[in-house]
Each structure stands twice: as C-alpha cells, then as structure tokens.
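Below: one structure, written as structure tokens.
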Amino acid sequence: MAFEGLTERLQKAMEKLRRKPKVTEADLRETMREIRLALLEADVNFKVVKDFVKKVREEAAGAEVLKGLNPAQQIVKIVNDQLTELMGEEAVPLNRAAHIPTVIMMVGLQGAGKTTTAGKLALRLKNEDHARPMFIAADVYRPAAITQLQQVADQIDVPVFEKGTDVDPVEIVREGMEVAKQNHNDYVIIDTAGRLQIDEQLMDELVNIKQLVNPDEILLVIDAMTGQNAVNTAQGFDDKLDITGVVLTKLDGDTRGGAAMSIRAVTGKPIKFVGEGEKMEDLDVFHPDRMASRILG
Ligand code: GDP
C-alpha cells in the first residue's frame, strides 16, 4: 500500500510522544529526528525534508506547544497542516481556454502512464463537462503507441487524429488542431512521445509542439514509484517546458510516497490529479489535505 512505511513510522513517533506524561524539549527534538528519518526513508527530497522539519519546529515553538495541555496532539496537527501546505494547500483545477478548444499536452517519460492518463482525463471531461474531446497521436517513435492510444480511445469513445509514424509530430499536431476546430471539439488532448530518460531531441520536439499550439495545460505524468527520480524528472521537464501541472500515477502501488511530497516544493507546480489504477475510472483530483490525512493514517 502507498505510504505504508511512512505512515507507520510517523504514527510510531507520535505514539511515543503521546505516552509521555510530560513532553520536554528533548522529547520534541527526538520526535523531529524521527519525522526527518521517516521522510528521508520515504524518498522525500532531502532539502524538502530539511525545510519541512524546520517549519514544524518553528510552528511548535511559536504555538508554545510544550506549555499547552496536549503537546502530542498539537504536534500531530502541526505536522498535518505542514504536510498539507507542502503539497499545495488546495486542489488546483484544470486550466480551461476562454475559447474552445482547451488544449492539453501530455508529457512524461515512457511508461509513466501518459496514454492511460490521457484516456482517464478524457473520460472525466466527458462525464463531468459533457465534453467532446479529441486525441492527437503525436508519438511517432513507437508504432505501438498509436495502437495503444486507439485502444484507450475506443474504450471511452473518443476520436483519435493520427497520421501514422512517418510524419513529423509538429505537423501532425498542426493538422490535428485544424480537424478539432472544424469538428468543434472542446478539448484536444495531445499524447506526446516519451523516452526512458530526458533527452535533448525529445525536449526540442516538445518545445516545438508547445510553441505551435500554446497549450492551456502541459501536464507532466510522473510515476510515483520512481522515488527521487520523479523529482529530477519533474525538474527536467519543467525547466524546458514550464509545465502547468503534474499527474502522479500508480499511487495504488506501494510507493513510499516521496514524489507526492516533494514535487510541489521543488518545482512550484501543482499536482492536479492522481492515478490510482489501470482502469479508465481510476483518476482522482489531488487534494493536499486529504493526502496529508492519508499519509498520517
Ligand atoms: P506511457 O508510456 O507514459 O504512455 O504509459 P502507459 O499509459 O502506456 O502506461 C504504462 C503502464 O502503466 C500501463 O501498463 C498502464 O496500465 C500502467 N498505469 C498507468 N497509470 C497507472 C496507475 O495509476 N496505476 C497503475 N497501477 N498502473 C498504471
């Protein structure tokens, strides 16, 4: 289960504090040490951990926790509030264009879940907004990618614009946008190519697509299971593309959770959705406060 180790360790640290008849400065220091280790072990970025612990300590000092009636309970509340703040405070909705179509560009490393998430998002838009989305298949490097997008699209009854694998992706996107405009699609979701790692050529291509369509959303799809790498990946994509949001996938797996807690702090970009399974329905809006409660257990 996601966050299992982290939740357990945080709970243990709090429980220890609760059992003390009187909480001293030294107890508080020990609790902070345990929180720090728990976060580091969960693959939270070390700088994020450092800032987080510092903030919790400051809040605890400011609230004069040790003088209060129930120090342990207060610490739990402070940790909960700080976790929420760390992950962005409020859910951030999808950007929408003033005039249709809203253009959403999906980017991310190969296998992160781009195509699956594109499908999940389209289904969500159909169900919630009665939207008429269209996909553009802009991954021309793997023939299987187009087939896969087509399969996803068939499941949710969404049209795909594709030109096979012999046409330049930027040209495909240009033509696809024309078709979407003619058909009055209100959303265009562009499935771009991924690689195993960030490379210059891919980034240049994505930048060219971005410049052509000026997307309302550039959603970076990140596999939550990739730990510290998730943060490096996010930073790499954001530096080049100035992404507008993140979708964290595979939170149904046993991720230790570091990505969920680090990405917002490191990139300043919000996590907008989380993927919690392989089915088209398995996409949820990311709520920082609910995630904080889930982590604390
Ligand atoms: P892409 O290469 O980025 O387009 O990635 P895909 O969409 O092909 O996804 C790669 C694999 O991850 C597929 O087997 C998906 O079913 C799976 N996947 C995607 N999102 C999730 C998720 O939220 N949870 C789980 N368990 N699997 C996912």
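The values are calculated or read from the model by the stated rules, or taken from the named source; none is laboratory data. Everything numeric here is computed off the predicted structure, so don't read it as measured data. Every residue, glycine among them, receives a Cβ derived from its backbone with ideal geometry; neighbour counts consider all protein chains shown. Keep in mind that these areas ignore ligands, DNA and RNA; they rest on the heavy atoms of the full protein, side chains included. Shrake-Rupley method; radii C 1.70, N 1.55, O 1.52, S 1.80 Å.
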Scope region 225-247; condition modelled with pLDDT of 95 or more and of a type in the set (A, V, I, L, M, F, W, C); matching residues
234, 237, 241, 243, 246, 247
Can residue 274 be described as open to solvent by less than 10 Å² (accessible area, probe 1.4 Å), among the β-branched types (Val, Ile, Thr), over 30 Å from residue 14 (Cα atoms) and outside any helix (DSSP H, G or I)?
no
Members of region 239-257 found to be assigned to a helix (DSSP H, G or I) and either within 14 Å of the ligand (Cβ to nearest atom) or open to solvent by 10 Å² or more (accessible area, probe 1.4 Å) (or both), listed by number
239, 240
Restricting attention to region 139-159, does a residue exist that is in contact with a strand residue (DSSP E or B) (Cβ under 9 Å, 6 or more places away or on another chain), touching a residue at least 40 places away in the same chain (Cβ under 8 Å), open to solvent by 20 Å² or more (accessible area, probe 1.4 Å) and under 15 Å from residue 176 (Cα atoms)?
no
Residue 218 fails exactly one of the following numbered conditions: (1) closer than 15 Å to residue 133 by Cβ; (2) under 25 Å from the mean Cα position of the chain (by Cα). What is the number of that condition?
(1)
Just the residues that are in contact with a helix residue (DSSP H, G or I) (Cβ under 7 Å, 6 or more places away or on another chain) and without any contact (Cβ under 8 Å) to a residue 12 or more places away in the chain, please, taken from region 18-37.
27
Suppose we filter region 55-78 for residues that are among the basic types (Lys, Arg) and free of Cβ contacts under 8 Å to residues at least 12 places away in the same chain; how many remain?
2
Is it fair to say residue 29 is assigned to a helix (DSSP H, G or I) and at pLDDT 95 or above?
no
Among the residues in region 221-238, are any over 27 Å from residue 293 (Cβ atoms) and either touching a Lys or Arg at 6+ places or on another chain (Cβ under 8 Å) or open to solvent by less than 10 Å² (accessible area, probe 1.4 Å) (or both)?
yes
Looking only at region 93-128, count how many residues are more than 16 Å from the ligand (Cβ to nearest atom), in a loop (DSSP other than H, G, I, E, B) and crowded, with 19+ Cβ neighbours inside 10 Å.
2
